[in-house]
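What follows is a single structure, written as structure tokens, with notes after it.
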Amino acid sequence: MDSGPVRVLVTGGSGMLGKAIEHVVMNEGLKREGEEWIFLSSKDADLRDLGQTKAVFKKHHPTHVIHLAAKVGGLYEHMRDNLLFLSDNLRINDNVLQTAHDTGVTKVVSCLSSCIFPDKITYPIDETMIHNGLPHDSNFGYSHAKRLIDIQNRGYFEQYGHRYTSVIPTNVFGPHDNFNIDKAHVMSALIGKTYKAKMEGTPVTVCGTGAARRLFTLSWDVGRLIVWVLREYDEIQPIILSVGEEDEISIKDAVEMIAEALDFKGEIKYDTSLSDGQLRKTTSIAKLRRYRPDFTFTPVKEGIKMTCDWFVANYNSARI
């Protein structure tokens, strides 16, 4: 990235991870002299449309791309609309990678998801196991669309020598997330739900038993690592960006941390008639540790407190 002008285009730049990258680049000194960073939102272009994708690349002439844009949702939204999540994300990913190829982009870093891993698998999961079985039925559409980015990256490398790669964050949460109870990922949905219950003086009802376990990773930490991947990581194969196995907690643990952070004193109920989703998604970060043994993740309790404080302070403008 040191040879000539660098223009980094971040798709999905108005979302949680996009905002996290913007924060670490602009506010933590990660932006280098001569770099230009462009953060796209869905208002700038509908990346499901090839013409709009080409137009936005022509406008900004990126040399590098961080591809975060996706149609995303919570567990139950995925279960209702698997086909739509498949088709929309296939179009977005193909348009971005094809246009990057057509316009001579040097490197693309795409964002996958821990849900791409097989449902029936041994733990911990590592990067070599992505295609070893079917993903969980609850979000098979989104999962398969994300998996195919890895296949596309291999194809672009084998046919054209392009250095396109991908990262696999696990259960990312943080400021600027979608806190909508019905559409958000589990951590942010629980924050939104608990705050609403506190304001209304009602109990919090958690979907499932609370037994499912997750590796929750703060968005700012993932943002810092994605910038490192863009600059230093030279493999085509994906790399998992996550807290370690020792930091895995249950949904019940997360709920209790959220209640403490929001000073919620009401009743917490668990609706055991609803699905827990995948019970485990434990991933290995051995590969990341080989590259970055020095990287320190934010403790999950600290990250939850920071996110809750941001949500309360920005309630009127947050996505709820």
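Can you tell me which of (1) surrounded by fewer than 17 Cβ atoms within 10 Å (Cβ to Cβ); (2) free of Cβ contacts under 8 Å to residues at least 60 places away in the same chain is the one S143 doesn't meet? Only one criterion in (1) surrounded by fewer than 17 Cβ atoms within 10 Å (Cβ to Cβ); (2) free of Cβ contacts under 8 Å to residues at least 60 places away in the same chain is unmet by S143, namely (1). Scanning the range 263-274 for residues that are part of a loop (DSSP other than H, G, I, E, B) and crowded, with 17+ Cβ neighbours inside 10 Å yields a single hit, F264.
Restricting the range 195-225 to residues that are crowded, with 24+ Cβ neighbours inside 10 Å and β-branched (V, I, T) leaves a set whose member that is nearest to E246 (Cα to Cα) is T217. All conditions but one from (1) over 19 Å from D247 (Cα atoms); (2) in contact (Cβ under 8 Å) with a residue 60 or more places away in the chain apply to S273; the one that does not is (2).
Restrict the check to the range 115-125 and report whether at least one residue is modelled with pLDDT under 95, in a helix (DSSP H, G or I) and open to solvent by less than 20 Å² (accessible area, probe 1.4 Å).
Here is the first cut: in the range 115-125, the ones modelled with pLDDT under 95 are 115-125.
Going one step further and asking which of them are in a helix (DSSP H, G or I), we end up with 115-116.
Narrowing the set further to residues that are open to solvent by less than 20 Å² (accessible area, probe 1.4 Å) leaves 115-116.
The answer is yes; a qualifying residue exists.
When the range 40-89 is filtered for residues that are assigned to a helix (DSSP H, G or I) and closer than 30 Å to E232 by Cβ, the ones remaining, listed by number, are T53, K54, V56, F57, K58, K59, H60, N89.
Assess whether E77 counts as being touching a residue at least 60 places away in the same chain (Cβ under 8 Å), within 24 Å of F179 (Cα to Cα) and open to solvent by less than 30 Å² (accessible area, probe 1.4 Å).
Details: touching a residue at least 60 places away in the same chain (Cβ under 8 Å): yes; within 24 Å of F179 (Cα to Cα): yes; open to solvent by less than 30 Å² (accessible area, probe 1.4 Å): yes.
So E77 passes the test.
Of all residues in the range 279-309, those satisfying the criterion of being closer than 29 Å to S138 by Cα and in contact with a Phe, Trp or Tyr (Cβ under 9 Å, 6 or more places away or on another chain) are R280, K281, T282, T283, S284, L288, V300, G303, I304, T307, C308. Could you tell me whether L97 is in a helix (DSSP H, G or I) and open to solvent by 20 Å² or more (accessible area, probe 1.4 Å)? No, not satisfied. Criterion first (farther than 23 Å from N171 by Cβ, touching a Gly at 6+ places or on another chain (Cβ under 7 Å) and open to solvent by 30 Å² or more (accessible area, probe 1.4 Å)) does L83 satisfy it? Against the criterion (farther than 23 Å from N171 by Cβ, touching a Gly at 6+ places or on another chain (Cβ under 7 Å) and open to solvent by 30 Å² or more (accessible area, probe 1.4 Å)), L83 qualifies.
Quick one: in the range 275-305, of everything that is aliphatic (A, V, I, L, M) and surrounded by fewer than 17 Cβ atoms within 10 Å (Cβ to Cβ), which residue is nearest to G223 (Cα to Cα)? Break it down stepwise before answering.
Pass one, the range 275-305, residues aliphatic (A, V, I, L, M): 279, 285-286, 288, 300, 304.
Subsequent filtering for residues that are surrounded by fewer than 17 Cβ atoms within 10 Å (Cβ to Cβ) retains 279, 286.
On the way: L279: 26, A286: 19 Å.
Across the range 275-305, the extreme among qualifying residues is A286.
The set of residues in the range 103-114 that are assigned to a strand (DSSP E or B), open to solvent by 10 Å² or more (accessible area, probe 1.4 Å) and closer than 17 Å to I240 by Cβ contains only C111. Given the residues N171, N132, which is the only one that is touching a residue at least 12 places away in the same chain (Cβ under 8 Å), open to solvent by 10 Å² or more (accessible area, probe 1.4 Å) and over 30 Å from W220 (Cβ atoms)? Testing whether each residue is touching a residue at least 12 places away in the same chain (Cβ under 8 Å), open to solvent by 10 Å² or more (accessible area, probe 1.4 Å) and over 30 Å from W220 (Cβ atoms) leaves just N132.
For every residue, the table says whether it meets (1) among the charged types (D, E, K, R); (2) over 30 Å from I181 (Cα atoms); (3) more than 16 Å from the chain's Cα centre (by Cα).
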site: L9; (1), (2), (3): no, yes, yes
site: G13; (1), (2), (3): no, no, no
site: H23; (1), (2), (3): no, no, no
site: E28; (1), (2), (3): yes, yes, yes
site: L50; (1), (2), (3): no, yes, yes
site: A55; (1), (2), (3): no, yes, yes
site: K58; (1), (2), (3): yes, yes, yes
site: T63; (1), (2), (3): no, yes, yes
site: A69; (1), (2), (3): no, no, no
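When residues of the range 283-320 are filtered for being closer than 20 Å to E127 by Cβ and modelled with pLDDT under 90, how many remain? Adding up the residues that qualify gives 0.
The values are calculated or read from the model by the stated rules, or taken from the named source; none is laboratory data. Here the structure is a predicted model, which means the values were calculated and not measured. Don't worry about glycine lacking a Cβ; one is built from the backbone with ideal geometry, like all the others, and counts go over all protein chains shown. Ligands, DNA and RNA are stripped out before the accessible areas are found, and what is left, the full protein with its side chains, is counted by its heavy atoms. Shrake-Rupley method; radii C 1.70, N 1.55, O 1.52, S 1.80 Å.
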